[in-house]
Amino acid sequence: MADARSTQATAKPATRQQSEAAAPHNVQHPFFAWLWTRLGPMLDRAGLAEYRKQLLAGIQGRVLEIGAGSGLNFPHYPYSVNGVLAIEPEPSLAQYGAAAAGCAPVPVELVAGTAESIPSADASFDAAVTSLVLCSVSDQRAALAELHRVLRPGGKLYFLEHVGAETPGLRHVQAALDTTLWPVVNGGCHTSRDTAAAIEANGFRIDRLTRLRFPDTTIPSPSSPHILGIATRTGGD
Ligand SMILES: C[S@@+](CC[C@H](N)C(=O)[O-])C[C@H]1O[C@@H](n2cnc3c(N)ncnc32)[C@H](O)[C@@H]1O
């Protein structure tokens, strides 16, 4: 796996410079990190691990994962993957992620960094993975521009994200939560983002999209509407 610092020196297109200006350089969410190291494994046992498996089925080549957290996707990478560069900006989560990287079935290198300023060269990955992270990045457009930059033409974006609800009632609840307590408690997470539309508006064509509810409870939680799918990086071929 290439060293992230060595690839950084070769990448300086306009999109990179713009997103560097907007990038948060310090993502510190110690309470959320503590919470996620407990909640993440619980959600996996409740069914999220099965969606992680579906997310990564068929992925191949050199892969980038942004906001990898404590590394809950790492056990699910298939052998068709040559190597994963995982980036994670939150220091405590990165420590857990580094431990998980050591046990992964394929080579995983974990480095500090944000999705808005990916420390890699243009067109240097075959595929990229986002799971439960485009809800939390502070600039979704900049993060998607960076994913577009570092994926090769025709490269694939694999996504599993919780998103804005399709029903007006839950949408109102999400909008209210997003402007009050939810992002504070949940490490900058927002429940109401239309991430599928954002993916399509930023240089990707969605090839496969499944909408699902997780957890599938009678009274839906604000973060239960999810999208799971694959998009192709357009342009530059
Ligand atoms: C809910 S956790 C999901 C972690 C992991 N992707 C997973 O599926 O278990 C959200 C993650 O997004 C990360 N994150 C927040 N802001 C970010 C940013 N600007 N760039 C990259 N990752 C970010 C957090 O540190 C955290 O690891």
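A quick yes/no check of all residues on (1) of a type in the set (A, V, I, L, M); (2) modelled with pLDDT under 95; (3) open to solvent by 10 Å² or more (accessible area, probe 1.4 Å):
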site: 113; (1), (2), (3): no, no, yes
site: 118; (1), (2), (3): yes, no, no
site: 125; (1), (2), (3): no, no, no
site: 129; (1), (2), (3): yes, no, no
site: 143; (1), (2), (3): yes, no, no
site: 150; (1), (2), (3): yes, no, no
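Taking first residues from region 25-50 that are free of Cβ contacts under 8 Å to residues at least 60 places away in the same chain and partners that are part of a helix (DSSP H, G or I) and polar (S, T, N, Q), the Cβ contacts under 8 Å between residues at least 6 apart in sequence or on separate chains come to 34/92; 37/92. Scanning region 51-86 for residues that are in a loop (DSSP other than H, G, I, E, B), within 9 Å of the ligand (Cβ to nearest atom) and either among the hydrophobic types (A, V, I, L, M, F, W, C) or open to solvent by 40 Å² or more (accessible area, probe 1.4 Å) (or both) yields a total of 2. All of (1) touching a helix residue (DSSP H, G or I) at 6+ places or on another chain (Cβ under 8 Å); (2) assigned to a helix (DSSP H, G or I); (3) open to solvent by 60 Å² or more (accessible area, probe 1.4 Å); (4) modelled with pLDDT of 65 or more hold for residue 28 with one exception: (2).
For region 190-199, the condition of being in contact with a Leu (Cβ under 8 Å, 6 or more places away or on another chain), open to solvent by less than 40 Å² (accessible area, probe 1.4 Å) and more than 21 Å from residue 54 (Cα to Cα) holds for at least one residue.
The values are calculated or read from the model by the stated rules, or taken from the named source; none is laboratory data. Note that the structure is predicted; figures quoted are calculated from it, not measured. Don't worry about glycine lacking a Cβ; one is built from the backbone with ideal geometry, like all the others, and counts go over all protein chains shown. Accessible surface areas use protein heavy atoms only, side chains included; no ligands, DNA or RNA. Shrake-Rupley method; radii C 1.70, N 1.55, O 1.52, S 1.80 Å.
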